[in-house]
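Structure first, then comments.
The values are calculated or read from the model by the stated rules, or taken from the named source; none is laboratory data. A quick note: this is a predicted structure, and the numbers were derived from the prediction, not measured. Neighbour counts run over all protein chains shown; Cβ positions are idealised from the backbone, glycine included. Please note that ligands, DNA and RNA were not included when accessible areas were found on the heavy atoms of the full protein model with its side chains. Shrake-Rupley method; radii C 1.70, N 1.55, O 1.52, S 1.80 Å.
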Amino acid sequence: MKNFKKILGATLATAAVVFGGALFSQRAQADTTLTVGASSSPHAKILEHVKPELKKEGIDLKIKVFNDYILPNKALANKELDANYFQHTPFLTNWNKKNNGTLINAGGVHLEPIGVYSKKYKNLKDLPKNATVYVSSNVADYGRVLQIFKDAGLITLKKGTDLTNATFDDIKTNKKNIQFKHTFEAKLMPKLYESNEADATVINANYAVQAGINPAKTAIALEKKSSPYVNIIAVRKGDKNKTAIKKLVKALQSKSTQKWIEKEFDGAVLPAKSTK
């Protein structure tokens, strides 16, 4: 009888260990890890905001911050990331074309209105003849810049110009002979603005925000809200319908998140879409 009790006790103890280990394993595997590459601001900040909500949905969101526009797509294509969040569709299209890539748009989140800044002039129309305007070397943004100057009546474009593929060679008339210098890295534009070398400098909103510049309050001309250059979640082809990706996009597009974006960035970042 004593031996039976010892054997029974040992069996129960073993079962408890195995059962407890199984529970621990289930808990450890309960969360799906999702690694997303993003620019530090506003993208990473927005992702941090939805992180608790995703945790409730069983998604352990890992955010990897990038400080340029070159590496995030490479990392995604190489499967170092599950998704990235830093670019708009024209940029992605251009990257795919140049790199024989197959990355796709999984959903739009917000617009970062590109703007023109100047320490010398308060209005874009005040630019003098032969004014120098610094623009980044990011070709995908050239159409956005051209649209701003076209809306101000400073240039016209050649008939049939597609703004998503436009370059400065598509300018038809330039009544003030504005000189567009576009050989600079996008992340350097705030420093060039502060140096006051050019008459005006074009800066992407994320880099403006990172430098403590509020586009809504500082820019002398700002991209319109109707712009198609919405920042998106990009994924590899075939991953768009994965549960974790769909939950991420849903959290970012929710009304609560979109309202938070509008309030948090005070007009410097504009919400693009809400789903609930």
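Side notes on the structure shown:
- Checking Val116 against (1) under 21 Å from Gln210 (Cα atoms); (2) open to solvent by 10 Å² or more (accessible area, probe 1.4 Å), the condition it does not meet: (2)
- Selection of segment 244-265 for residues being open to solvent by less than 20 Å² (accessible area, probe 1.4 Å) and out of contact with any Gly (no Cβ under 9 Å at 6 or more places or on another chain) yields Ala251, Ser254, Thr257, Gln258, Ile261, Phe265.
- Qualifying residues in segment 89-113 (those that are in contact (Cβ under 8 Å) with a residue 60 or more places away in the chain and part of a helix (DSSP H, G or I)) - the one most open to solvent (accessible area, probe 1.4 Å): Thr93
- Residue in segment 174-183 that is of a type outside the set (Gly, Ala, Ser), open to solvent by 10 Å² or more (accessible area, probe 1.4 Å) and closer than 22 Å to Ala234 by Cα present: no
- Applying the condition of being of a type in the set (A, V, I, L, M) and assigned to a loop (DSSP other than H, G, I, E, B) to segment 212-243 and asking which residue is nearest to Pro113 (Cα to Cα) yields Ala219.
- Residue match in segment 149-156 (condition: out of contact with any helix residue (DSSP H, G or I) (no Cβ under 6 Å at 6 or more places or on another chain), among the hydroxyl-bearing types (Ser, Thr, Tyr) and open to solvent by 50 Å² or more (accessible area, probe 1.4 Å)): yes
- Here Ala140 clears all of (1) in contact (Cβ under 8 Å) with a residue 60 or more places away in the chain; (2) surrounded by fewer than 21 Cβ atoms within 10 Å (Cβ to Cβ) except the condition numbered (1).
- Entirely in segment 142-198, the strands (runs of 3 or more DSSP E) that have 1 or more residues that are within 22 Å of the chain's Cα centre (by Cα): 179-184
- Residue in segment 40-88 that is nearest to Lys246 (Cα to Cα), counting only those that are assigned to a strand (DSSP E or B) and open to solvent by 70 Å² or more (accessible area, probe 1.4 Å): Lys62
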